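Take a look at the structure below.
The values are calculated or read from the model by the stated rules, or taken from the named source; none is laboratory data. Predicted, not measured: the structure shown is a model, and the values here were computed from it. FYI the Cβ positions are ideal-geometry reconstructions off the backbone, even for glycines, and counts take in every protein chain you see. Protein only, heavy atoms only, side chains kept; ligands, DNA and RNA dropped before computing areas. Shrake-Rupley method; radii C 1.70, N 1.55, O 1.52, S 1.80 Å.
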Amino acid sequence: MFAAASPPDDVWTLPGFAAALADYVVSQRQLDPKSLERAQNLVAESGSRLDTILTQLGLLSERALAEATAKLLDLELAAASHYPQTAILPEQLRLKFLRKARAVPIALDDRTITIAMADPLDGFAVSAIAMVAGRETAIRVAVPIELEAALDRLYPEEESTGRQAADELVSAAHANDDDAEVLRDLASEAPLIRFVNQLISHAVETRASDVHIDPFEDRLRVRYRYDGVLHEMESPPRRLQAAVVSRIKIMAALDIAERRLPQDGRIKLVVRGHEIDLRVSTIPSLHGESVVLRILDRSAVNLDFAQLGMAPDFAGKLCHLLELPNGIILVTGPTGSGKTTTLYTGLLHLNSSDRNIVTVEDPIEYQLPGITQIQVKPQIGLNFANLLRAILRHDPDIIMIGEIRDLETAQIAIQAALTGHLVLSTLHTNSAAAAIARLRDMGLEDYLLIATINAIMAQRLVRRLCSDCKRAVPASPELVARFELDRFAAGPLTLYEPVGCPSCRATGYTGRLAIAELLTPDESTHRLILSRAGHADIQHAACAGGMQTMFESGIAHVLAGTTSLREILRSVRLDG
């Protein structure tokens, strides 16, 4: 078993730092002793450094390592906003040296040059920079992703490694795109592997949620989705399209010879200390295959209602509903509105050893400890309805259905709720009230809806304003009158607008939060359902009974300065 060693006095030596780091990660419960022992065994076998092994194995993220390094060496952590707008001493300190040293000068005065370093123990790099600059050095600990992003931004005239890798492949890519063996060989070449790995790594490091690769007649378009919005990136040469797609297919264990039919697969990777799952989907298009990679980074997901942006009273009401012993709770919204994340958060709230929780999903997005999760496989007849029948024989307390898509699944969910189970699921509707009409259209009887539905929650995701650059502006009388903003606060109102800075990739936004409405049927809505009223009437009755609409939820965030009015209007319809 691992036994913590007392660190040497000089933590600035490699042995001293390794011992101090080992003690620190265990004491902070960032790592268990058995995992640390495994890493230390690899250090002994390979001769590598402990900090390097910890990130390569995915046991410690690079940010967590940087924070630990700053703590142990009593240094300040360099924030993304600390990096300069222009390069410091670019003639004396060239990109090639700075990349090798993993260092960026971030401030300069008459006596001192301040350096952000991924490895503050690199004494040679520190001495070299001090000699070139003719000044004393002050060191800050850099998070590698932020340091490399700063190098790319500060030295745009220098070719990136990804572009060099692409250029190496251009001459090789004249191969016959219809020859699967040639494509397999090309996809196994080191430059192509390096290029695709960098494409994925950059997406993960910059916290993109998806990568879209679309072939056109004259170019291959690559786009990353940040906070729900697509941004076009520098594209590789069009002739690389077949090789890039083939490489992704090999990684996802798909058939590279099949280009006529859609295919789906998964890739598991460790990128900069993060365990990453990629959902891969290919579809045939006019000029080749389009590929979408959805990035599922477990470390980037906060399964907590407060972190999702829900107000304490709203989250408390939802948690109370989740504690009910039976019935159905639905979460509705369009694709990409965070429905599954909300359900996962609810499941973790309910998860305990005295409850049997089973989920049926297509696909399983995140693995939840202590919960039985089942993947739907329609190609072998393992669909939602068949799985639900089998699950009910396992006496579950709580069932999560990834999506109610048809009448058969809906009927089994209703039956499960009537026989004492709590059922959580999703629907694709624009509002909470519209879910009633959707279930009715599927063929469910109104009296069954009244007997089983405990709550319907509709939600959207909106972008958070960047806290580093958002700007306060007084609300104009026209805006106040148009949206009746004076209902939400008295006196002069202050709104916030996006500006754009390096921290938010000049978008003005960073991250997303949920705005939601929660419909809990009461006597008035029950009467409307039985009279087969439309969803607009049900919505008005719910609002009269005290339901806060999604728009009102969004305005609360606008007035709190967490998002902009423009973002709410982009995401929420006001027609009913």
task = Kindly indicate whether T69 is hydroxyl-bearing (S, T, Y) and within 18 Å of S27 (Cα to Cα).
result = yes
note = If we ask which residues in the range 238-253 are open to solvent by 30 Å² or more (accessible area, probe 1.4 Å) and either in contact with a strand residue (DSSP E or B) (Cβ under 9 Å, 6 or more places away or on another chain) or hydrophobic (A, V, I, L, M, F, W, C) (or both), their number turns out to be 5
task = Test A385 against the criterion of being over 24 Å from V462 (Cα atoms), surrounded by fewer than 16 Cβ atoms within 10 Å (Cβ to Cβ), more than 27 Å from the chain's Cα centre (by Cα) and not charged (D, E, K, R), and give yes or no.
result = no
query = Which of the residues spanning the range 214-224 are open to solvent by less than 60 Å² (accessible area, probe 1.4 Å) and in contact with a His (Cβ under 8 Å, 6 or more places away or on another chain)?
reply = P215, R221, V222, R223, Y224
note = A118 vs (1) open to solvent by 50 Å² or more (accessible area, probe 1.4 Å); (2) closer than 24 Å to A68 by Cα; (3) out of contact with any Asp or Glu (no Cβ under 7 Å at 6 or more places or on another chain): all pass except (1)
ask   = Does L31 satisfy being open to solvent by 20 Å² or more (accessible area, probe 1.4 Å) and assigned to a loop (DSSP other than H, G, I, E, B)?
value = no
message = Name the single residue that is nearest to Y509 (Cα to Cα) among those in the range 532-561 being touching a helix residue (DSSP H, G or I) at 6+ places or on another chain (Cβ under 9 Å) and not in a helix (DSSP H, G or I).
response = T549
message = If I go through the range 499-531 residue by residue, how many of them are open to solvent by 30 Å² or more (accessible area, probe 1.4 Å), in contact with a strand residue (DSSP E or B) (Cβ under 8 Å, 6 or more places away or on another chain) and more than 22 Å from A544 (Cα to Cα)?
response = 6
Strands (runs of 3 or more DSSP E) wholly inside the range 257-369 containing at least 3 residues that are under 23 Å from V572 (Cα atoms) and either touching a strand residue (DSSP E or B) at 6+ places or on another chain (Cβ under 8 Å) or at pLDDT 95 or above (or both) = 327-332
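Conditions (1) surrounded by 14 or more Cβ atoms within 10 Å (Cβ to Cβ); (2) of a type in the set (V, I, T); (3) more than 21 Å from L449 (Cβ to Cβ), marked per residue:
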{"position": "R471", "(1), (2), (3)": "no, no, yes"}
{"position": "A536", "(1), (2), (3)": "yes, no, no"}
{"position": "C543", "(1), (2), (3)": "yes, no, no"}
{"position": "F551", "(1), (2), (3)": "yes, no, yes"}
{"position": "I555", "(1), (2), (3)": "yes, yes, yes"}
{"position": "L559", "(1), (2), (3)": "yes, no, yes"}
{"position": "S571", "(1), (2), (3)": "yes, no, yes"}
request  = Mind listing whichever residues of the range 304-347 are hydrophobic (A, V, I, L, M, F, W, C) and surrounded by fewer than 16 Cβ atoms within 10 Å (Cβ to Cβ)?
outcome  = A306, C319, L324
query = Looking at the range 90-107, which of its residues are surrounded by 15 or more Cβ atoms within 10 Å (Cβ to Cβ) and more than 25 Å from T206 (Cα to Cα)?
reply = L93
request  = Consider A4 carefully, then state whether it is open to solvent by 40 Å² or more (accessible area, probe 1.4 Å), modelled with pLDDT under 85 and farther than 25 Å from E205 by Cβ.
outcome  = yes
request  = Consider L444 carefully, then state whether it is of a type in the set (A, V, I, L, M, F, W, C) and open to solvent by less than 20 Å² (accessible area, probe 1.4 Å).
outcome  = yes
note = Here the residues within the range 351-366 that are surrounded by fewer than 11 Cβ atoms within 10 Å (Cβ to Cβ) and within 23 Å of G265 (Cα to Cα) are none
Filter result for the condition that a residue is at pLDDT 90 or above and among the aliphatic types (A, V, I, L, M), over L54, L60, L77 = L77
